[in-house]
Amino acid sequence: MTRLRRKALVALFLFTLFIFGTMMGLRTLKPSDGFSDLAPGMDFAGERSDKRRLDVNDVMVSPGQFHMGSSDTKVVFTKSDREYSIFYDVHIFYYLWYGSPSMDNKYIHWDHVLVPHWDPKIAASHAQGRHTPPEDIASSFYPELGPYSSRDPKVLESHMTQIEAAAAGVLVLSWYPPEVADDHGEPTEDLVPAVMDAAHRHSIKVAFHIQPYKGRTDLSMHDNIKYIIDKYGEHGAFYRFRSSTGRILPLFYIYDSYLTPPESWAELLTTQGSHTIRGTPYDGVFVALIVEERHKHDILASGFDGMYTYFASNGFSFGSSHQNWKVIKTFCDSNNLLFIPSVGPGYVDTAVRPWNNHNTRNRVNGRYYETSLQAALSVRPEIVTITSFNQWHEGTQIEKAVPKKTVTRLYLDYQPNQPEHYLELTRQWAENFNKEKDKWLM
């Protein structure tokens, strides 16, 4: 009897331990009730694919599938044994700022500094300095391609193959004007033609994610939009969206749009503006970033056409909190605005912000991603954005990563899954998204 009692106690203890571990893991799937104390929008100052490419004659475009009028949403590749698709209502954020000695004579961004906390007392308790690639890179994960250069044609080709495998039809390119760069990188505008060409070979479209460079104003944005459309508007990969009025226009994402006041944006984005682009050859669909709740009204007053949430950390901001998406979508529907939720596989930026572990969101082998995707689908959006393909600093990438251990670092990885796990999950959900859209129309 004593032995049976002892076995029962051991079994009960193990069961309790299992339940506790499961709950701790699933905790990351639940939305936060409040705001993070990390400054919203702070930048860094603050395949295995078995699909072979097809000739252009093998590609057919299906008409748009969703309500309110939209762009064509799907390219269907017909092969001898099956069909597969990429979807133009699945957009993925892409970064072009990486460099390596073989192509750039030095590492760029992989050697990112450890950003100090703004409070000197907190900053003093965390590591400082910068990373030393190739063994020590500015990421908690390690790319299958190693610390690569965005200038490498082989890297670009691999990236497009992976994005196609994930069924994302629109690459949203982080963009700075010519001769301008982020605080830790170098100008990359000269690389855009190569990205456009590589994307076009895979029937992927390219949209522009305009970054908050120093001196960005409504006037400089007018020049930026004109430059982009004049230079890339005729390229086969240039993305256009069919608006609610039936016009087919370029679509631009404007990161940290809240840094410019609504009255300034209105000069550019409303028909009465002093240098309006509305009704001109440079008109477009302009999507602003919503971080705080008050930004809804600012975005409307500014003359934007929609809003997106970007951040992959659920609970980080009002906009990125899944529990708020229904309210935001209702506001957008009432004001004829697009709502574009952003989903991601997880978030961990402690390789560059070592004090920010409270905003980490564990991947839970893909369950966090699936929860985010389901939250997006529940509000019936026209477009879903994925954060990101390759923002390695913030650990939001779906690009292939591999296990890696060095003398000083043990990197996170996708095990027990394979390096292409998040590409496969993205394809599954892209296909599901478009099946759900068919039901919405019925």
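Descriptive notes on the structure:
- Only one of Asp190, Asp230, Asp182 that is in a loop (DSSP other than H, G, I, E, B), at negative phi and of a type outside the set (Gly, Ala, Ser): Asp182
- Of everything in region 110-130 that is farther than 18 Å from Val402 by Cβ and open to solvent by less than 20 Å² (accessible area, probe 1.4 Å), the residue that is modelled with the highest pLDDT is His112.
- Checking region 239-258 against the condition returns a match, with at least one residue being assigned to a helix (DSSP H, G or I) and open to solvent by 50 Å² or more (accessible area, probe 1.4 Å).
- Cβ separations smaller than 7 Å between residues 6+ apart or across chains give the following pairs from region 346-357 residues that are among the aromatic types (Phe, Trp, Tyr) to residues that are in a loop (DSSP other than H, G, I, E, B): Tyr347/Ala312; Tyr347/Ser313; Tyr347/Thr360; Tyr347/Gly395; Tyr347/Thr396; Trp355/His117; Trp355/His126.
- Single residue of Glu157, Glu189 found to be under 25 Å from Phe286 (Cα atoms), more than 18 Å from the chain's Cα centre (by Cα) and at pLDDT 95 or above: Glu189
- Residue check for Ala199: closer than 24 Å to His91 by Cβ, in a helix (DSSP H, G or I) and open to solvent by less than 50 Å² (accessible area, probe 1.4 Å): yes
- Unmet criterion (only one of (1) at pLDDT 95 or above; (2) within 23 Å of the chain's Cα centre (by Cα)) for Asn105: (2)
- Being closer than 25 Å to Ser125 by Cβ and either of a type in the set (Ser, Thr, Tyr) or open to solvent by 10 Å² or more (accessible area, probe 1.4 Å) (or both) holds for only one residue in Thr408, Thr385, Thr371, Thr396, and it is Thr408.
- Residue count for region 310-335, restricted to those that are at pLDDT 95 or above and open to solvent by 10 Å² or more (accessible area, probe 1.4 Å): 13.
- Evaluated against (1) open to solvent by less than 50 Å² (accessible area, probe 1.4 Å); (2) aliphatic (A, V, I, L, M); (3) more than 28 Å from Thr217 (Cα to Cα), Leu268 falls short on exactly one condition, (3).
- Checked against (1) touching an Asp or Glu at 6+ places or on another chain (Cβ under 9 Å); (2) part of a helix (DSSP H, G or I); (3) open to solvent by 10 Å² or more (accessible area, probe 1.4 Å), Lys439 passes all but condition (1).
- Restricted to region 285-299, and to residues there that are part of a loop (DSSP other than H, G, I, E, B) and under 19 Å from Gln211 (Cα atoms), the residue that is most open to solvent (accessible area, probe 1.4 Å) is Glu292.
- Selected residue (criterion: farthest from Val402 (Cα to Cα)) from residues of region 135-151 that are open to solvent by 40 Å² or more (accessible area, probe 1.4 Å) and in contact with a helix residue (DSSP H, G or I) (Cβ under 9 Å, 6 or more places away or on another chain): Arg151
- Any hit, region 411-426, residues being within 16 Å of Lys74 (Cα to Cα) and either open to solvent by less than 10 Å² (accessible area, probe 1.4 Å) or within 22 Å of the chain's Cα centre (by Cα) (or both): yes
- Count of residues meeting criterion [aliphatic (A, V, I, L, M) and in contact with a helix residue (DSSP H, G or I) (Cβ under 9 Å, 6 or more places away or on another chain)] in region 229-270: 5
- So Ile328, is it among the β-branched types (Val, Ile, Thr) and within 22 Å of Phe208 (Cβ to Cβ): no
- Qualifying residue in region 178-191 (condition: crowded, with 18+ Cβ neighbours inside 10 Å and either closer than 23 Å to Arg427 by Cα or among the aromatic types (Phe, Trp, Tyr) (or both)): no
- Pairs meeting the criteria (first residue in region 408-423 and within 28 Å of Arg130 (Cβ to Cβ) and in a loop (DSSP other than H, G, I, E, B), second residue acidic (Asp, Glu) and modelled with pLDDT of 95 or more, beta carbons under 6 Å, at least 6 apart or on different chains) are Arg409/Asp136; Pro419/Glu144.
- Qualifying residues in region 336-368 (those that are in contact with a Phe, Trp or Tyr (Cβ under 7 Å, 6 or more places away or on another chain) and hydroxyl-bearing (Ser, Thr, Tyr)) - the one surrounded by the fewest Cβ atoms within 10 Å (Cβ to Cβ): Thr360
The values are calculated or read from the model by the stated rules, or taken from the named source; none is laboratory data. Note that the coordinates shown come from a computational prediction; the quantities given were computed from them, not determined experimentally. Heads up, the Cβs are rebuilt from the backbone with ideal geometry, glycines too, and the neighbour counts pull from every protein chain shown. Heads up: the accessible areas ignore ligands, DNA and RNA and are worked out on the full protein's heavy atoms, side chains in. Shrake-Rupley method; radii C 1.70, N 1.55, O 1.52, S 1.80 Å.
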